[in-house]
Amino acid sequence: SKKIVERDNQTIIKAVIDACRNMSKSKTGALLVFAKYADDDYYQSSGEYLDAKLSKRLLESIFNKNSPLHDGAVVIVDGRIVNASCVLPLSENEDLPPRFGLRHRAAIGVTEVSDAVTVVVSEETGEISFAKDGQIWINISHEKLEELLATEI
């Protein structure tokens, strides 16, 4: 069954990359949390419970500006979108650049208090960023994102 898991992960990563590429082009803001467990206190109490199979179209639909769920984060566990529209803890880090809005602060914040990793698409610039352990990599390529996700999920 190892092969199936690997193929599933590749399918998930491809769907995430393709969705991020499209949202980046259209400057659609997005925040994706890849968590190890679904029962984490940091986001479980907020948002809409979905438990849906992750797909490119579903991610794009959720973050569409006209969607009632587009604000907040999507929480992904084992290739499933568990929650959408989640409120995350904001980073208290004073050294973050002032241009970072709530989305980036939340992306970093949740990685400071849990072992989740996050992906952000900036609404202002369309840039893609990746956060882990309170660190953020800004404006990364699709190739770099693919590499990071393959390592982390």
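Laboratory data are not the source of any read-out in this text; all were calculated from the coordinates shown. It should be emphasised that the depicted structure is a prediction, and the values quoted were computed from it without experimental measurement. So basically every Cβ, Gly included, is an ideal-geometry build from the backbone, and we count neighbours across all protein chains shown.
Some notes on this structure:
- Whichever aspartates and glutamates have a C-alpha closer than 15 Å to that of residue 56, once near sequence neighbours (fewer than 8 apart) are set aside: 8, 18, 146
- The stretch 84-104 residues near the modelled residue 26 label - backbone nitrogen below 18 Å, point 7 Å along Cα→Cβ: 85
- Per-residue HN-Hα couplings for the stretch 148-153 [Karplus 6.51, -1.76, 1.60; θ = phi - 60°; Hz; x = Gly/Pro]: 5, 5, 4, 6, 8, 10
- Dipole of the chain, positive end: most advanced residue of 114, 52, 83 [Cβ charges, Cα centre]: 52
- Simple spin-label estimate for residue 11 and residue 48 gives 2.4 nm between the two label positions (7 Å along the Cα-to-Cβ direction from each Cα).
- Listed residue (70, 130, 93) projecting farthest to the positive dipole end of the chain, Cβ model: 70
- With all pairs of separate Cα atoms included, the chain yields a Kirkwood hydrodynamic radius of 15.1 Å.
- Stretchable slack from residue 55 to residue 67, in nm (0.36 nm times residue separation minus alpha-carbon distance): 2.7 nm
- Residues listed by number, the stretch 125-153, amide nitrogen under 14 Å from residue 99 label point at 7 Å toward C-beta: 125-129, 138-140
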